[in-house]
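First up is the structure itself, then whatever we jot down about it.
The values are calculated or read from the model by the stated rules, or taken from the named source; none is laboratory data. Only a predicted model underlies this, so the values are computations on that prediction, with no experimental measurement involved. A quick note on method: Cβ atoms are made from the backbone with ideal geometry, for glycine too, and the neighbour counts reach across all protein chains shown. The area values use the complete protein model at the heavy-atom level, side chains included, leaving out ligands, DNA and RNA. Shrake-Rupley method; radii C 1.70, N 1.55, O 1.52, S 1.80 Å.
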Amino acid sequence: NAVLEDSGKQQIESLRIKSPFNLADCLTAKESVLDVEVQDKTGRMYDIEIQNASSETFFLRIAYYWAEMFRSQLNGRTQYDLLRPCIIIGLLKDRLFSEPQKPHHFSAVVDAEEPTISFFKPEDLMEYHILELGQFEINADAVYTVNKSGLQRKMTPRLFKWLRFFKDGDRENFMEKYKETDTTIAEAKNAYEEFLGDHDMIMAQ
């Protein structure tokens, strides 16, 4: 929701996690896939990808993940009216885009000659969000130049808090240092500390 809010998109009211991290699967799998697939109550689907290292092949991979998620909705049927939008959210440790230098890039499929016209209905049928921690400043007042025309804006407070956690959350006194009071971030911090204390989880990672 923090990512969607920062891009002015519709918020999720309720959801179900379709592919939670499973330690047993991770320990026995030949190739670990540690993403999270989510579906909201309207049927929109989300794939959250977290990458420590990025390359240009990342674009091809997320396009493939989107296509697989979109295709899986029909399971061989041809009832195209059942298809719902699919959204990819990618969190990268470093940076992938050279410009503009902003931490949150998001896509819109529009008419090439008239960008005010959306190519798809619904407009969010195909949507990508790329978050680059390498472009993120731990400064709530940071202003980013978001396009080549020089438009600037701040990040929304909720997304700022989450990116700060992902960038500096391994700090032992993180909650105290930043006077963080968000209960969901507190839960994430506790889960991270429990992870560090679990030998099997560490070895799986």
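Observations, loosely collected:
- Within segment 73-96, residues that are touching a residue at least 60 places away in the same chain (Cβ under 8 Å) sit with their Cβ atoms under 6 Å from residues that are part of a helix (DSSP H, G or I) and open to solvent by less than 70 Å² (accessible area, probe 1.4 Å), at 6+ positions apart or across chains, in these pairs: I89/V3.
- Matching residues, segment 92-109, being at pLDDT 90 or above and over 20 Å from R153 (Cβ atoms): L92, K93, V109
- Top-ranked residue of segment 75-84 - restricted to ones that are part of a loop (DSSP other than H, G, I, E, B) and under 22 Å from V38 (Cβ atoms), ranked as least open to solvent (accessible area, probe 1.4 Å): L83
- Filter pass, L131 being modelled with pLDDT of 95 or more, more than 27 Å from E68 (Cα to Cα) and open to solvent by less than 40 Å² (accessible area, probe 1.4 Å): no
- Within segment 87-101, the residues that satisfy the criterion of being assigned to a loop (DSSP other than H, G, I, E, B) and either hydroxyl-bearing (S, T, Y) or out of contact with any helix residue (DSSP H, G or I) (no Cβ under 6 Å at 6 or more places or on another chain) (or both) are L96, F97, S98, E99, P100.
- Flag if R61 is part of a loop (DSSP other than H, G, I, E, B) and among the charged types (D, E, K, R): no
- Of all residues in segment 167-203 being more than 21 Å from the chain's Cα centre (by Cα) and of a type in the set (A, V, I, L, M), the one that is most open to solvent (accessible area, probe 1.4 Å): M203
- Scan of segment 19-53 for residues that are of a type in the set (K, R) and at pLDDT 75 or above, ordered by number: K41, R44
- The residues of segment 85-107 that are closer than 15 Å to E127 by Cβ and either of a type in the set (F, W, Y) or surrounded by fewer than 16 Cβ atoms within 10 Å (Cβ to Cβ) (or both), listed by number, are F106, S107.
- Strands (runs of 3 or more DSSP E) contained entirely in segment 108-205, each with at least 3 residues that are in contact (Cβ under 8 Å) with a residue 12 or more places away in the chain: 126-132
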